[in-house]
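Structure first, then comments.
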Amino acid sequence: MSRSRRRRSKFRPSVPQDARRVDLHMHSNRSDGRLSCEEILVEASQKKLDIICISDHDLAPILEARVYSEYGYDVRVIHGAEMSVELAGEEQHFLAYFPSSMPDGFRQICREAAKSRARRYDSICNELSLAGVQRSDVQAQEGLRSLTRLHLARAIIDAGHARTISEVFDRWLRKKEGVEHFPDVVSMIQQIKDHGGISIWAHPSIKKASFHAAKLKKEGLDGLEVFRPYIKKGDRKRLRMLCSTYKMICSGGSDSHSDSMGLFSFPAQEIHDWPASFSFHNSQ
Ligand SMILES: [Zn+2]
């Protein structure tokens with residue numbers, strides 16, 4: 001068996017052959033992914049993903065929420081974003097999903113968050129004061145694309161100060177978490193709810209999820225990201241149990257940043273308990 005086939009089978013252990021394939025967490029080049037939204041649609045069609053969400057960091061979607069048949073396979077795109085928040089003094093990510101188009105009010109929240117990212121990017125650049133490192137561009141300053149520490153790491157490499165992303169993080173960025181720039185988790189959960197969305201805690205550790213689940217559920221958290229690549233079977237089981245204990249929904253996604261999407265998906269049957277307003281039910 002070739003190496004790529006081995007990898008593939010590792011990522012797709014439990015998808016029944018006739019299941020609709022879902023991936024609700026991936027990134028385009030409007031945040032720190034490599035592919036444009038259009039390239040993602042082509043990839044998703046080729047890999048036969050049935051339902052996807054391009055969940056860029058603090059960024060409203062640009063594709064319409066609808067079924068795309070243009071690339072030879074019906075891919076349903078739902079709207080969402082991955083929002084950075086502060087939880088117990090640390091940065092955590094919460095996914096906001098919307099049953100139809102993301103409302104303007106939430107788009108505005110994303111835009112302000114992305115603008116704040118550009119300011120933070122420039123302030124770290126100024127603080128590090130490394131020669132030749134590219135500052136934020138106009139699109140980022142206007143909140144139309146979002147800059148992450150990965151962008152800064154790439155810019156530092158491009159300017160010739162380091163060779164690898166991990167070297168940049170070790171030397172300069174590891175301590176620049178900047179959680180004070182992010183909204184409090186409770187206010188974000190509330191904002192998502194106020195705009196008709198559902199909130200899912202992205203890739204929580206089992207330890208943190210166990211510690212915070214009861215409180216966050218009370219604050220309106222809708223679910224946890226349970227299905228994801230690399231998660232240990234035991235942890236996935238425990239996250240599922242937490243969802244069941246606190247009557248939360250299970251979600252999942254690859255968190256893909258490149259054309260590796262499609263190697264991981266989970267079956268649509270797993271999201272049967274999502275609110276009926278999400279049109280997954282018609283897709284099965
Ligand atoms: Zn992500």
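The values are calculated or read from the model by the stated rules, or taken from the named source; none is laboratory data. Keep in mind that this is a model prediction, so the values were computed, not measured. Reconstructed Cβ throughout: ideal geometry from the backbone, glycine too, with neighbour counts over all protein chains shown.
Here 197, 253 are screened, and the one residue that is within 13 Å of the ligand (Cβ to nearest atom), of a type outside the set (Val, Ile, Thr) and under 16 Å from residue 55 (Cβ atoms) is 253.
Just one of the listed residues (52, 40, 109) is hydrophobic (A, V, I, L, M, F, W, C), in a helix (DSSP H, G or I) and either in contact with a helix residue (DSSP H, G or I) (Cβ under 8 Å, 6 or more places away or on another chain) or away from the ligand (no atom under 16 Å from the Cβ) (or both), and it is 109.
Of all residues in the range 1-43 being farther than 27 Å from residue 153 by Cβ and surrounded by 16 or more Cβ atoms within 10 Å (Cβ to Cβ), which is modelled with the lowest pLDDT? Top of the filtered list is 15.
Scanning the range 58-86 for residues that are of a type outside the set (Gly, Ala, Ser) and within 16 Å of the ligand (Cβ to nearest atom) yields a total of 8. Filtering 207, 247, 175 for residues that are basic (Lys, Arg) and part of a helix (DSSP H, G or I) leaves a single hit, 207. Annotation note: of 276, 213, 202, the sole residue that is without any contact (Cβ under 8 Å) to a residue 40 or more places away in the chain, surrounded by 15 or more Cβ atoms within 10 Å (Cβ to Cβ) and of a type in the set (Gly, Ala, Ser) is 213.
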